[in-house]
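For reference, the structure discussed in these notes is given below.
The values are calculated or read from the model by the stated rules, or taken from the named source; none is laboratory data. In this text the structure is predicted, and so the values were computed from the model without any measurement. A quick note on method: Cβ atoms are made from the backbone with ideal geometry, for glycine too, and the neighbour counts reach across all protein chains shown. For the accessible areas, the whole protein counts, side chains as well, though only heavy atoms, and no ligand, DNA or RNA atoms are used. Shrake-Rupley method; radii C 1.70, N 1.55, O 1.52, S 1.80 Å.
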Amino acid sequence: AQSVTQPDIHITVSEGASLELRCNYSYGATPYLFWYVQSPGQGLQLLLKYFSGDTLVQGIKGFEAEFKRSQSSFNLRKPSVHWSDAAEYFCAGAPQTGANNLFFGTGTRLTVIP
Amino acid sequence: NAGVTQTPKFRILKIGQSMTLQCAQDMNHNYMYWYRQDPGMGLKLIYYSVGAGITDKGEVPNGYNVSRSTTEDFPLRLELAAPSQTSVYFCASSRGPAAEQYFGPGTRLTVT
């Protein structure tokens, strides 16, 4: 089935350390891919998106993601994490044709320790 | 430009009661969605709409109903509330089927 998976339920990093959150997809062709962030008690906010072209995508808040077709991955990265990055992160995707909605992964909760 | 708005923010229902969760968007988006979010389960699609007058079921539609009489509004109706419907409900909209979705702030519903 076409889907998006996030293998890590919870990740803890120290403030100032680098971060990588994993996302794998299982669409046959190159899909549209998104990363969203959800702060406690809030709705989801778009961090970045990939449709085509340059496989390294820059987003808001210093985040970036790299589309790797060979690994069916779209991992989210940040070189130096801030305490305010503590949140839940969702990867989402959809095929470029025939979709009516996005499919969301189950999310990765990020804890940042001082 | 308010984006996607949802009311109420919180609600407690007794088993068997009914209610409507309101959702409105001012971005002239054709596509609108209702999700529920349970801890550790991510987002589950309840219903979606591709335009005024057109709705379709998502992954978990049982116990819910929707209507879409205008482009702006997409209310979600709960009939005969059950404890299993305790959740956080999010409404979203997008300009197309695989485009980025814009989310409302959510409604936290408790059924006791």
Tell me, rounded to the nearest percent, the portion of alpha carbon pairs in the protein assembly as shown spaced more than 29 Å apart. 28 percent
For segment B:4-111, what is one quarter of the convex hull surface built on the Cα atoms, given in nm²? 6.0 nm²
Tell me the per residue accessible area of the protein assembly as shown using a 1.4 Å probe; a whole number in Å² is fine. 47 Å²
Under the rule that an exposed site lies in a DSSP loop and has at most 13 other Cβ atoms within 10 Å, name the longest stretch of chain B with no trypsin sites (Lys or Arg not before Pro) of that kind, not counting the sites themselves. B:15-94
How large, in percent, is the carbon and sulfur part of the accessible surface of the protein assembly as shown at a probe radius of 1.4 Å? 51 percent
Which of the listed residues, B:41, B:58, B:16, is farthest toward the dipole's positive end in segment B:4-111, when Lys, Arg count +1 and Asp, Glu count -1 at the beta-carbon? B:16
If the cut-off is a Cα-Cα distance under 19 Å, which aspartates and glutamates reach residue A:61, setting aside same-chain residues fewer than 8 apart in sequence? A:15, A:20, A:85, A:88, B:100
Please identify the GluC sites (Glu not before Pro) of segment A:1-79 that satisfy two criteria: DSSP loop assignment and at most 15 other Cβ atoms within 10 Å. Which are they? A:15
Once you charge only the Cβ atoms, +1 for Lys and Arg and -1 for Asp and Glu, what is the size of the charge dipole of chain B about its Cα centre, to the nearest 20 debye? 300 debye
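Does chain A come out rounded, prolate or oblate by the C-alpha gyration tensor, with a ≥ b ≥ c the root eigenvalues, rounded set by a/c under 1.5 and, if not, prolate when a/b is larger than b/c and oblate if not?
Prolate shape, in that a/c is at least 1.5 and a/b is the bigger ratio.
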